[in-house]
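Read-outs: derived from the displayed coordinates by stated rules, not from any lab. This structure is a prediction, so every number in the text was calculated from the model and none was measured. Cβ coordinates were reconstructed from backbone atoms using ideal geometry, including for glycine residues, and neighbour counts include every protein chain displayed.
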Ligand SMILES: [Zn+2]
């Protein structure tokens with residue numbers, strides 16, 4: 001019998017502290033690193049984000065996922081807002097845009 005490996009979920013979020021885009025396996029991830037998590041907790045960013053999320057009845061992670069979508073694929077924001085598509089429908093598109101951005105950054109870094 002061949003073992004089956006299920007694909008792991010991958011989300012692209014904008015870090016609540018520094019704003020950089022990062023991949024995460026957790027839909028509730030709020031920061032890109034431990035350092036950003038500590039900074040965001042100390043300066044109140046996490047608390048403000050969670051208050052906003054509670055106020056509009058969405059998860060804080062969804063807000064950060066929306067920020068990433070707005071930065072990577074703003075042309076798809078309207079289809080999410082209208083309900084025509086969901087974040088999950090656009091996972092491949094968002095991940096491809098993230099990979100393209102990362103490759104562009106690597107090319108810039110290599111050329112520097
Ligand atoms: Zn960060």
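With labels modelled as points extended 7 Å from the Cα through the Cβ direction, what inter-label distance (nm, one decimal) is found for residue 93 paired with residue 51?
3.4
To the nearest Å, what is the center-to-center distance of the stretch 13-40 and the stretch 54-88, using C-alpha atoms only?
Centre-to-centre (Cα) distance: 16 Å.
Working out 0.36 nm times the residue gap between residue 42 and residue 18, then minus their Cα-Cα distance, what length gain in nm do you get to one decimal?
7.3 nm
For the chain, what does the relative contact order come out to in percent, with C-alpha contacts under 8 Å and a separation of six or more?
23
Quick one: grab the alpha carbon gyration tensor of the chain, order the square roots of its eigenvalues as a ≥ b ≥ c, and give me rounded if a/c is under 1.5, else prolate or oblate depending on whether a/b is larger than b/c.
Rounded is the answer for the chain, as its axis ratio a/c remains below 1.5.
Suppose only helical runs count, i.e. DSSP H with n ≥ 4. What mean residue ellipticity at 222 nm does that imply for the chain under -39500 (n - 2.57) per run, divided by all residues and rounded to the nearest 500 deg cm²/dmol?
-16500 deg cm²/dmol
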